[in-house]
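The values are calculated or read from the model by the stated rules, or taken from the named source; none is laboratory data. None of the values given here were measured: they were computed from a predicted structure. Every residue, glycine as well, gets a Cβ built from its backbone with ideal geometry; the counts of neighbours run over all protein chains shown.
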Amino acid sequence: VAERPGPRSPAELYTAFNRLALQGFGGVLPVAQRELVERRGWMTKAEFVELLSLGQVLPGPNIVNMALIYGDRHFGWRGAAAALGGLMLAPLAIVLVLAIGVRQGADVPAVAGALRGMGVVAAGLVLATAIKLAGALKGNVLGRGWCVAIVAAIALTVGLLRWPLAFCLLGIGTLAWCAAWWRLEP
Amino acid sequence: MVRGVVAPRAMNEIAFGPLGVDPAAWWELFVHFALLSLLAIGGAITTVSDMQRFVVGQKGWLSDAEFSGSVALAQAAPGPNLLFVAVIGFNAAGLVGVFVTLLGSLLPSTALALSAARWGATRRDQRPVRAFREGLAPVTIGLMLATSWVLTEPARTSWGTWPLVALTLWFMLRTRRSPLWPIAVGAAAGVAGWV
């Protein structure tokens, strides 16, 4: 467990989360996976999925919850504050400058088109991240059949049918939890 | 994590009103956003329709166009999607609004996330906690697929959309470069009208 590198100080946490936040156009999640799992090697895929699951189920933005919990695990509240600050401060400054620019009548005619294009790429980024992280399901206690069924059920109800997220999480999430509990029986 | 898709509109058409609301309103803004924070399973974006109802419909601090302009602006900028909350706060009540809406959105969910995580960390090896970890992993992967699908929604009918998704997939699975590259290509394709 000790061989894997991790943040050595809150300052390093700040830098890491700042770096990934500034690359995160249209969603920080794919960049977070690339930076934290692939580039820095601070987490395995399975740990990333675990943190994300937790961030997902709790109210609040997933990536913010994830940063808080990861920072807290390493350096307590100082780590949580460092990770959150890294994630938020610089992007906040940028977005406020943009907001002031728009208020002063800056002309941004191409923005709508650019946003649409970035949205499409963001879809590809999230899809790629899902494909990579699916590797973390290999050792899952639920086994292949259950995993595929749960992935498909969530993708169908939340994505295609657009059922309310909280409802699907509660329903399918509870089912998955119970199935895993049952399977873990010694 | 599934984001409501806000129809992007030409931002130069949006005229923002004068800044500021009275100080009593700051408290209301804080309380409302703090309540929504605890309901925001899947992120603040899932509560955007209620924010709109409150800020635009009930209080009239922003117009409809200003509200969706604020959300679109935050999506164009780097960083967590949550920042749209700050832009709404800014356009409703200036810098105080930023402080109040961000604090309201973050404080309750942060307190809950940290206490839940600490609670879980001390019980890592117990069966219910392990079952949670294992059971929720496929749910999380499924949600990512759903998010990806929802994100293509505004552009699904354009011919350039699917090649662009395929190109992004190839880039992310086969290279180790920053996602900034495909994002830049996507923005350019959007400006050129290909998607």
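Those helices (runs of 4 or more DSSP H) of the range A:10-119 in which 2 or more residues are closer than 28 Å to B:Val195 by Cβ, within 13 Å of the chain's Cα centre (by Cα) and facing chain B (nearest Cβ under 7 Å) occupy A:29-32, A:62-103.
Looking across the range B:1-32, the residues that are part of a helix (DSSP H, G or I) and at pLDDT below 50 come down to B:Met11, B:Asn12, B:Glu13. Of the helices (runs of 4 or more DSSP H) lying entirely inside the range B:33-152, those containing at least 3 residues that are closer than 22 Å to A:Ala123 by Cα and touching a residue at least 60 places away in the same chain (Cβ under 8 Å) are B:64-76, B:127-151.
Selection of the range A:158-172 for residues being over 20 Å from B:Val150 (Cα atoms) and either surrounded by 15 or more Cβ atoms within 10 Å (Cβ to Cβ) or at the interface with another protein chain (Cβ under 8 Å from one of its Cβ atoms) (or both) yields an empty set.
The one condition from (1) crowded, with 21+ Cβ neighbours inside 10 Å; (2) modelled with pLDDT under 90 that B:Ser63 does not meet is (1). Looking only at residues in the range B:112-160 that are of a type in the set (Phe, Trp, Tyr) and at the interface with another protein chain (Cβ under 7 Å from one of its Cβ atoms), the one that is nearest to A:Ile172 (Cα to Cα) is B:Phe132. Taking the criterion of being of a type outside the set (Gly, Ala, Ser), more than 7 Å from chain B (Cβ to nearest Cβ) and in a loop (DSSP other than H, G, I, E, B), the only residue of the range A:120-148 that qualifies is A:Lys138. Residue pairs whose Cβ atoms lie under 7 Å apart, separated by 6 or more positions or on different chains, with the first residue in the range B:179-195 and within 7 Å of another protein chain (Cβ to nearest Cβ) and the second not in a helix (DSSP H, G or I), are B:Ile183/A:Phe25; B:Ile183/A:Gly26; B:Ala189/B:Gly160; B:Ala189/B:Val195; B:Val191/A:Ala110; B:Val195/B:Ser158; B:Val195/B:Gly160.
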